[in-house]
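Below: the structure, in structure tokens.
The values are calculated or read from the model by the stated rules, or taken from the named source; none is laboratory data. Please read all numbers here as calculations on a predicted model, not as lab measurements. Cβ coordinates were reconstructed from backbone atoms using ideal geometry, including for glycine residues, and neighbour counts include every protein chain displayed.
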Amino acid sequence: MASADIDVEYVAKLARLALSPAEVERFGAQLGALLDHVKALEALPVADVAATAAVIPGTGTGRADVVRPCLDRETVLRGAPQRQGAYFRVPSILGES
Amino acid sequence: MDGVLDLGVREIAEAVNARRVSAAEIAEAALSRLRERDPHVGAFLTVTEDLAREAARRVDERVAAGERPALAGVPAALKDNLCVTGTRTTCASKILENWIAPYDATAVRRLLDAGILPLGKTNLDEFAMGSSCENSALGVTRNPWDLGRVPGGSSGGSVAAVAARTAAFALGSDTGGSIREPAAFCGVVGFKPTYGRISRYGLIAFASSLDQIGPIANSVADAAVLYETMAGFDPYDATTVAREVEPVSAPLREDLRGVRVGIVKEFALDELDPAVRDVYAQAYRDLERLGAELVEVELPTAEYGVATYYLIAPAECSSNLARFDGMRYGLRVEAADVGATYEATRAAGFGDEVKRRILIGTHALSSGYYDAYYVRAQKARTLIAADFARAFARCDVIACPAAASPAFAFNAKSDPYSMYLMDYYTIPMSLAGLPSLSVPCGYVTPEGAAGPLPLGLELTGPLFAERALLDAANAYETGTRHAAKHAPPPLAEALS
Amino acid sequence: MSATLETGTLLDVNGIAYEAVIGMECHVELKTETKMFCGCPNVFGGEPNTHVCPVCLGMPGALPVPNGLAIEHVLRAGLAFGAEVPAFSKFDRKNYFYPDMPKNYQISQYDLPFTSGGTVTFRLPDGTQRSVRLSRIHLEEDTGKSMHLGSSDGRLSGSTHSLVDFNRAGVPLMECVSEPDLRSAVEAVAYLEALKRTFVALGVSDVKMEEGSLRCDANVSLRPLGSAEYGTKTEIKNMNSFRSVQRAIDSELARQAGVLRAGGRIVQETRGWDESQGTTIVQRSKEQAHDYRYFPDPDLVPFEFTEASVRALRDALGPLPQARVERYVAREGLAVVQAHQLVDTPGVADYYDAAVALTNAPQATVNFVLGELTRLANETGTRIDRSALGPAALAELVGLVEGGTITSKIAKDLIERLWSEGGSPRELVEREGLAQVSDVGAIDALVAEVIAANAKVADDFRAGKEKVMGFLVGQVMKASRGKANPALAEERLRAQLAAQQ
């Protein structure tokens, strides 16, 4: 039984996960239970609190624009599920926007 | 040789550098012991014999040339979510079951440069998501203290390898307690430094704002020297801090005079099982005996830690794990088109817990829910961090249980949320980025257990206060001596 | 913001005037040595999948480290248009799945971009000045490139598989979004040219559409003139040159007007420009928007900018090309197209400025610079400012022509020689006696010779054939070796021919 709080099928689509109907139901129940526990956060006085933007205080800096070593192509393509010459080969993209 | 393998990290390096033993000898002995012991424990997913021997050869060359590598010849186990060039790096997942890493994690590289012998890659909960190591898709790891119980997680393999003395130390990773909780369950020292101290480059990400690599060893002093070797700014990780690493391998303190230890009001011991409670009560008394002043501190928002964590961590992981799609590496389950291939690959490649976290994380970030879940959780996180900051105005170190109970039996926690609660005492520190460790503090023998089961005392310091934290932990450890010197009885029995 | 009736495109829809409303969204690849979040080379072309590393391949365990120069480029680009730089900025993850996306999220910026606001001011070819507001300029990373194979025409639909090259993945990309302030296709192109001009001058990008370092999409809609509400817009993609942009926008405006005339409704959708068919084609309906689940990237630390640091960047921008164009048009009276050409050709505007400072004759100077000097530059492959003919020498030459000392024909010859040999025009004129001949007697003598030598042509002229005068003048110029005052030559020719009736 899926919880009213989470549309498992919609979210699974967003996350590109194929789920069986049984999984949709099972995960729906388990995640619904988790969300019930999470409801407790509503009691916290967060109106004037800033969301944590960085774990450690400090400001970002950019790296110098200097070349670093690349990976060699054979190493890169050796682990590819499918390759064609110098390229990664992937199934038809039709329908994927 | 057996004796050498039971020595600590510093002693082994010292013996190799003093040429009392060669790295090659250690490599053979360690691999032999691993072959003998690991079938009972199942800590290793991959044994890297060639790497170990090659590393040993190089160490011996360097020593012969007059060098004294800091970790010369020290046999090590590396959690299998750490990239090591040329090794199978799986995250205990089917989706990376045969993936060979093409580069080294920075932390690993620094240790390799210091002379360690990498024996192999250890088991974990899949993608570091779990508190028992039962979520591994590729193997079962058993607690050397009771082979019918879990070693804890997610760094289960790493702690089991150290507890079984098949490695002098191991590397783990900790996101919500994944070094500290299993270290407690297996009676070893597990240390998670301040967020940003050790580079995450090459650590396969679970939750980016929480993950940290840390050492697992049989003593605080060993953990300290390992931390010092790995820590420091890395130009390949923008979240590492450009901050000097205080020397921590100088002799650590052995007393707690002048140290204020905070005892958390909300982590009351009387909520625990009586036998467990007694161990911790004794631990607190020992802290006082060693000279500490115990101070009550409050962390009123800590109880919201688990709820906060289980929104933030899955949200980040849902994005971090999107890259596992069958296109460039790893498992591909080919289907008619790209979309179907993504779905089939990820369905086949990920286990249930990983799927649950991806789903809840995606939900927490999705349109209409982002503010109510993700943003609210990040605000709760700010409150939790503020609680700690206030507490550390009144104490130097916070002490509490690392876990509410000792290791449990396999399949004991079938409900996901009950498993999540295993990290109740470790999550708040992770959310605040604080340095935290678990050090053995005693044993309990529950009904049905194979023998005494370890418990761990969790010590936590303010941001970047690793030296003070390791000092306190070392003082406690040397003043109480709970840690075992050899592999635990159940394993010894299994071997005989 | 509405345009004047003279500049906007208006379409008649059943008797009501509708105006075009256009916004442009551009992606500009930045000029840096390395990619945005890793140290791989940022170069166009190259063997596929050789400029890659764990980071830009989205491998497990890899982490992004931002390129400081790319950030500086974006800040300067925004400041050049008067944009605001916030005190606090960050990168966000834009989550969606696609095979050319190594991480299946793009590191971009959502609610706190490096710059917001700003105004792009430019002139249309006819001289009209226009201003377009910028919404923002932010920084993100580019994707890899895919080739779709297996179909008969190389198009995506019908392909059986695709090949992906990640060399481009991670290249720093500046996204400029304008408000819908443009009112015609011509304006849209002039706006793009103003962006390009400025980015090139700042050194932040080469902005070459043919190399893909500028890509743009147009949001196009129509609304009744005077209406404050916006009509439904379509997004037009796949325009590969400035000319395509103009054609595509005009085509889409016409299409929308046609739909409205027939009583139809514009559907909000993405349409691709088809160059060969000269029309836009539906790509996908935007009814279902993507849920990108933007959240701050936890691998990157947020940035803080102090007022002092922003001011320092702004102060160091240097003279901007659009301001220069303005000066040329408004103060020196040059045509817009001339001003653009000066500014857009490297080294030429500075050269022109140096010459005009001495001649005080903008039009005459620019005519030489954009005429003879540009011709020579193209022929010889040498930049005007790198030839031997310096601005001072050109100024001297212009003075000689304006003062009537030499003819323009002689000036042309001199330019050819000065271009490669250098030297002073005045000296050459004196030494070789190249001064214009304006003595009536001398001219008359030449005219008489020419008429005598071209009796038939002279008869033709007397018979009424006006246009042969040009030939006769040319003959006088030739006979004088280019030194005859052409106006005087023509006057005396007419006089003598008339007298010889």
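Listing for the model above:
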{"quantity": "Flag if B:His482 is farther than 25 Å from B:Gly42 by Cβ, outside any helix (DSSP H, G or I) and modelled with pLDDT under 95", "calculated": "yes"}
{"quantity": "Those residues of the stretch C:123-139 which are at pLDDT 95 or above and among the hydrophobic types (A, V, I, L, M, F, W, C), in sequence order", "calculated": "C:Val132, C:Leu134, C:Ile137, C:Leu139"}
{"quantity": "Qualifying residue in the stretch C:24-40 (condition: crowded, with 23+ Cβ neighbours inside 10 Å, under 21 Å from B:Gly326 (Cα atoms) and either modelled with pLDDT under 95 or assigned by TED's automatic domain parsing to the domain that holds C:Phe91 (or both))", "calculated": "no"}
{"quantity": "C:Gly61, sole failed condition from (1) in contact (Cβ under 8 Å) with a residue 12 or more places away in the chain; (2) closer than 16 Å to A:Val76 by Cα", "calculated": "(1)"}
{"quantity": "The stretch C:39-51: number of residues that are facing chain A (nearest Cβ under 7 Å) and part of a loop (DSSP other than H, G, I, E, B)", "calculated": "7"}
{"quantity": "Qualifying residue in the stretch B:424-436 (condition: at the interface with another protein chain (Cβ under 10 Å from one of its Cβ atoms), part of a helix (DSSP H, G or I), within 30 Å of B:Arg142 (Cβ to Cβ) and small (Gly, Ala, Ser))", "calculated": "yes"}
{"quantity": "Search result, residues across the stretch C:62-85 that are part of a loop (DSSP other than H, G, I, E, B) and away from chain A (no Cβ under 13 Å)", "calculated": "C:Phe81, C:Gly82, C:Ala83, C:Val85"}
{"quantity": "Failed item in (1) crowded, with 24+ Cβ neighbours inside 10 Å; (2) within 14 Å of another protein chain (Cβ to nearest Cβ); (3) without any contact (Cβ under 8 Å) to a residue 40 or more places away in the chain, with B:Leu82 passing the rest", "calculated": "(3)"}
{"quantity": "Tally, over the stretch B:353-377, of residues that are surrounded by fewer than 24 Cβ atoms within 10 Å (Cβ to Cβ), at the interface with chain A (Cβ under 7 Å from one of its Cβ atoms) and either within 25 Å of the chain's Cα centre (by Cα) or at pLDDT below 95 (or both)", "calculated": "2"}
{"quantity": "Test result for C:Pro54, within 11 Å of chain A (Cβ to nearest Cβ), part of a loop (DSSP other than H, G, I, E, B) and without any contact (Cβ under 8 Å) to a residue 24 or more places away in the chain", "calculated": "yes"}
{"quantity": "Residues located in the stretch C:72-116, provided they are over 27 Å from C:Ala312 (Cβ atoms) and polar (S, T, N, Q)", "calculated": "C:Asn95, C:Asn104, C:Gln106"}
{"quantity": "Lone qualifier among C:Asp111, C:Asp142, C:Asp92 - being at pLDDT 95 or above and in contact with a Leu (Cβ under 7 Å, 6 or more places away or on another chain)", "calculated": "C:Asp142"}
{"quantity": "Residue within the stretch A:31-51 that is within 13 Å of chain C (Cβ to nearest Cβ) and more than 24 Å from B:Ala322 (Cα to Cα) present", "calculated": "yes"}
{"quantity": "Number of the condition not met by B:Ile116 [criteria: (1) under 28 Å from B:Cys317 (Cβ atoms); (2) crowded, with 24+ Cβ neighbours inside 10 Å]", "calculated": "(1)"}
{"quantity": "Those helices (runs of 4 or more DSSP H) lying entirely in the stretch C:384-501 with at least 1 residues touching a helix residue (DSSP H, G or I) at 6+ places or on another chain (Cβ under 9 Å) and free of Cβ contacts under 8 Å to residues at least 24 places away in the same chain", "calculated": "C:408-421, C:425-432, C:440-453, C:455-462, C:468-479, C:486-499"}
{"quantity": "Residue that is closer than 24 Å to C:Glu402 by Cβ and surrounded by 19 or more Cβ atoms within 10 Å (Cβ to Cβ), where the choices are C:Ser480, C:Ser438", "calculated": "C:Ser480"}
{"quantity": "Exclusive hit being within 14 Å of chain C (Cβ to nearest Cβ) and among the hydrophobic types (A, V, I, L, M, F, W, C), set A:Ala22, A:Ala12", "calculated": "A:Ala12"}
{"quantity": "Leading residue by the ranking (farthest from the other protein chains (Cβ to nearest Cβ)) among those in the stretch B:311-352 that are among the aliphatic types (A, V, I, L, M) and part of a loop (DSSP other than H, G, I, E, B)", "calculated": "B:Val333"}
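Per-residue answers, yes or no, for (1) more than 13 Å from every other protein chain (Cβ to nearest Cβ); (2) of a type in the set (Phe, Trp, Tyr); (3) out of contact with any helix residue (DSSP H, G or I) (no Cβ under 7 Å at 6 or more places or on another chain):
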| site | (1), (2), (3) |
| --- | --- |
| B:Ala101 | no, no, yes |
| B:Ala105 | no, no, yes |
| B:Leu112 | yes, no, no |
| B:Gly115 | yes, no, no |
| B:Trp145 | yes, yes, no |
| B:Pro151 | yes, no, no |
